[in-house]
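Peer 1: Please find one structure pasted underneath; my questions will follow.
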Amino acid sequence: MVQAARIDTPLRIVSLIPSATEIVTALGWGDALVGRSHECDYPASVETLPVCTLPRFNPKGSSREIHDRVTELLHSALSVYDIKTEVLKALQPTHIITQAQCEVCAVSLEDVERAVANLTGTHPKVISLQPKVLADVWDDLRHVAIAIDPDRGKLRAQQVINQLQQRLQRCSQQIQTRMPQQTVACIEWTDPLMMAGNWVPELVTLAGGHPLFAKVGQPSAWLNWSDLVAADPDLLIVMACGYDLAQARQAVAQLEQHPQWEKPWSQLQAVQTCRIYLTDGNQYFNRPGPRLVDSLEILAEILHPDDCQYGYAMKAWKLY
């Protein structure tokens, strides 16, 4: 962990998205965090911070039930999340970090700007992130660092980026690229079916796999069940948005029983070869921050078990 820079103005940072919380911490300003979103839980120390957001829907239930609740809110032109304006007022932040990428994943930039306009006695700087690929994550590190410390932030960010890129390089060197590419379907939601996009296809490619359906830098997309059956991938990797390992297992158990299968689940190649993998999507693949490097290492373990062992098995991923 890099040491925090000395700033003349006392910092009071509120992060409204988990990846931003991890970015701030990686840059060495974790002690300056004074507020978080209801989903920010890493590092564990942030869980003691005041919570500034909450969902407008019940986040418990099956994949289909959660999807239907969120869809109903969006169709009603309502925000999926609320911002606790009174909490923000009490915290008096100097910086608020949010996102402008997905209105389902976290509070929107528009909601944050509206909340900031109602604050009194403070004029926080709003930092908005919108990463789509790994290079955008490096840019976000620089963007956040410079916004916090215009004089020394860029250098501080580059130190962190260099460390992360060195890990990427070491991982790449361990992968035997001469091996035949395995086709990989990364599932971000199970009912309805959604394939993980944005940075995930890039990670799969870096890990030596061939990602199906999604393209690098393109949003996650819904997929027909028949298309998944027709592609019959070598591996199915479940990285459901917001789900840990236990929740991912439940989602796949429901997926097995889905009535839209055109042939029995048991006939899928990945099922017959026991190559269905559960991951903690919430902690890793869903968060476009420093731990995307961990996500690459997880994929390397899954795709190349004889060459890559980083200690994630049974903790961040496991066989279904």
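Peer 1: From Q260, Q247, Q254, Q283, grab the single residue that is assigned to a loop (DSSP other than H, G, I, E, B) and open to solvent by 50 Å² or more (accessible area, probe 1.4 Å).
Peer 2: Of Q260, Q247, Q254, Q283, the one residue that is assigned to a loop (DSSP other than H, G, I, E, B) and open to solvent by 50 Å² or more (accessible area, probe 1.4 Å) is Q260.
Peer 1: Condition (residue is touching a strand residue (DSSP E or B) at 6+ places or on another chain (Cβ under 9 Å) and under 27 Å from Q101 (Cα atoms)) applied to region 298-308: is it met by at least one residue?
Peer 2: Looking for residues that are touching a strand residue (DSSP E or B) at 6+ places or on another chain (Cβ under 9 Å) and under 27 Å from Q101 (Cα atoms), one finds at least one in region 298-308, hence yes.
Peer 1: Just to be sure, is M314 aliphatic (A, V, I, L, M), crowded, with 20+ Cβ neighbours inside 10 Å and within 23 Å of the chain's Cα centre (by Cα)?
Peer 2: Here the answer is no, as M314 does not meet what is asked.
Peer 1: What's the number of the only condition in (1) under 25 Å from L292 (Cβ atoms); (2) within 22 Å of the chain's Cα centre (by Cα); (3) at pLDDT below 85 that S79 fails to meet?
Peer 2: Result: S79 fails condition (1) only.
Peer 1: Could you count how many residues in region 113-142 are in contact (Cβ under 8 Å) with a residue 40 or more places away in the chain and farther than 14 Å from I13 by Cα?
Peer 2: The total comes to 9.
Peer 1: Considering only region 23-47, how many residues are under 23 Å from A115 (Cα atoms) and of a type in the set (S, T, Y)?
Peer 2: Going through region 23-47 one residue at a time, the tally reaches 1.
Peer 1: Right, another one. All but one of (1) over 30 Å from A135 (Cβ atoms); (2) modelled with pLDDT under 95; (3) assigned to a loop (DSSP other than H, G, I, E, B) hold for G242, so report the exception by its number.
Peer 2: So the condition that G242 fails would be (1).
Peer 1: Now a separate question. Let me confirm something: among V184, V204, V229, which residue is of a type outside the set (G, A, S), without any contact (Cβ under 8 Å) to a residue 40 or more places away in the chain and either in a helix (DSSP H, G or I) or in contact with a His (Cβ under 8 Å, 6 or more places away or on another chain) (or both)?
Peer 2: Result: V229 is the single residue among V184, V204, V229 that is of a type outside the set (G, A, S), without any contact (Cβ under 8 Å) to a residue 40 or more places away in the chain and either in a helix (DSSP H, G or I) or in contact with a His (Cβ under 8 Å, 6 or more places away or on another chain) (or both).
The values are calculated or read from the model by the stated rules, or taken from the named source; none is laboratory data. Worth saying up front: this structure is predicted, and the values here are computed from it rather than measured. Every residue, glycine among them, receives a Cβ derived from its backbone with ideal geometry; neighbour counts consider all protein chains shown. Areas reflect the complete protein model, heavy atoms only, side chains present, ligands, DNA and RNA absent. Shrake-Rupley method; radii C 1.70, N 1.55, O 1.52, S 1.80 Å.
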